[in-house]
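The values are calculated or read from the model by the stated rules, or taken from the named source; none is laboratory data. Computed from a predicted structure; not experimentally measured. A quick note on method: Cβ atoms are made from the backbone with ideal geometry, for glycine too, and the neighbour counts reach across all protein chains shown.
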Amino acid sequence: MFKKLFKRFGKDIAIDLGTANTRVYTPEKGIIIDEPSVVAINTKTEQILAVGNEAKQMLGKTPPHIQVTRPLTGGVISDYEVTEKMLKYFIDKVHQEGFVLASRPRVVIVVPLDVTEVEIKAVEDAAVSAGAREVFVVQEPMAAAIGARLPIQEPIGNMIVDIGGGNTEIAIISLNGVVTWKSTPVGGDEMNRSIMQYAREMFNLFVGETQAEQIKIKIGSAIPGKEKIEFPMKGRDVVTGLPREIMITDDHIREALDRGVHTIIEHIKMTLEITPPDLTADIHERGLLMVGGGAMLRGLDKLVAEAVEIPVRVADDPLTAVVRGAGILLDEDELLKEVVLPSARNEK
């Protein structure tokens, strides 16, 4: 009776706790929060100054006593206390228009494939400390597949490639389970770092992470386009220490991203090599689905299709597939029981 009452009045939420962005979904309103997983802290007072978009705007611009940090690395918690405060901020934000009874939600939260039991416990503990009543932990590619409406409950091979901020995960899913998978730390953040390194080595220019990300989004690509695209790159000259601006092209950025892109392709090939033949036959016919922010890199789907010789498509909204899948699980208790990871909390 109490569970029904909580479900009636509580605001259950799904959280995609990503390295780059945290997204929050409620069944009533859909995706209501989509903000960077960034927190600004005053180290003198240990006070949280800003979370999300406001904190990201401070990156690279703070005095020594203000630390802007990303509390997640590769999709898992690297700073427990800051993650707890960030989660509490987002949960409180969901319930700003609610009332007292709605303050203890059921939470479905997403984690990477290679997460350890200790890391699962850290996620569960952080969510409970932040105000969750019950916590259900689900693997990221599984949530993405559900969000993309793949037939994961059937005895069919479903291949999903999730290129997130902290890593890329490739999974073969059948009968509500991950059959084979591979993971690589190459994701959106690594691509940004590659652009920063390329600028330093080729142009003697120190470029910030925010600028590198903007360049990747504006002119980044995996294959040449019909026309050459130019974009200004601004930074600090390595030799003089003075501000400098140069014009770069999509060719430059493609060269900077080349190693990371081919690492992802190699991991897709390795995953296919260890996949059971019957599932490989399904995938050869049905192809693979790409999700995550990295899937939006221009031409990446075509390059992957050419390299692995199977059809490739990008999800309709690759950025939100994971959180939408986690949101679907809030209303499908039977499917949630099938895909949820065992709890690591020692509750009697």
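Filtered by the rule that a residue be more than 23 Å from GLY287 (Cβ to Cβ) and acidic (Asp, Glu), the range 303-345 gives ASP331, GLU332, ASP333, GLU334, GLU338.
Close Cβ contacts (under 6 Å, 6 or more residues apart or on different chains) running from residues in the range 41-56 that are not assigned by TED's automatic domain parsing to the domain that holds LEU87 to residues that are assigned to a strand (DSSP E or B) and among the small types (Gly, Ala, Ser) comprise LEU49/ALA40; ALA50/ALA40; ALA55/ALA40.
Can you give me the number of residues within the range 115-132 that are assigned to a helix (DSSP H, G or I) and either of a type outside the set (A, V, I, L, M) or free of Cβ contacts under 8 Å to residues at least 60 places away in the same chain (or both)? Total meeting the criteria: 8.
Scanning the range 63-97 for residues that are surrounded by fewer than 16 Cβ atoms within 10 Å (Cβ to Cβ), of a type in the set (Ser, Thr, Tyr) and over 17 Å from the mean Cα position of the chain (by Cα) yields a single hit, TYR80.
Residues of the range 147-165 that are more than 18 Å from ASP301 (Cα to Cα) and in contact with a helix residue (DSSP H, G or I) (Cβ under 6 Å, 6 or more places away or on another chain): GLY147, ILE152, ILE156, GLY157. Scan the range 166-181 and give yes if some residue there is touching a residue at least 12 places away in the same chain (Cβ under 8 Å) and on the phi > 0 side of the Ramachandran plot, otherwise no. Within the range 166-181, one or more residues are touching a residue at least 12 places away in the same chain (Cβ under 8 Å) and on the phi > 0 side of the Ramachandran plot.
Put simply, of GLU209, GLU213, GLU227, GLU255 the only residue that is among the acidic types (Asp, Glu), without any contact (Cβ under 8 Å) to a residue 12 or more places away in the chain and out of contact with any strand residue (DSSP E or B) (no Cβ under 6 Å at 6 or more places or on another chain) is GLU227.
Checking each residue in the range 270-323 for being at positive phi and surrounded by fewer than 20 Cβ atoms within 10 Å (Cβ to Cβ) picks out GLY287, GLY299, GLU309.
For the structure I just gave you, tell me whether ALA281 is under 25 Å from GLU213 (Cα atoms) and out of contact with any Asp or Glu (no Cβ under 8 Å at 6 or more places or on another chain). Don't jump to the end; show me each part of the working.
Numbers: under 25 Å from GLU213 (Cα atoms): no; out of contact with any Asp or Glu (no Cβ under 8 Å at 6 or more places or on another chain): yes.
Answer is no for this residue.
Yes/no matrix, rows are residues, columns are (1) touching a helix residue (DSSP H, G or I) at 6+ places or on another chain (Cβ under 8 Å); (2) crowded, with 18+ Cβ neighbours inside 10 Å; (3) farther than 24 Å from MET296 by Cβ; (4) not hydroxyl-bearing (Ser, Thr, Tyr):
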site	(1), (2), (3), (4)
ILE229	yes, no, no, yes
GLY235	yes, yes, yes, yes
GLU245	no, no, yes, yes
THR249	yes, no, no, no
ILE268	yes, yes, no, yes
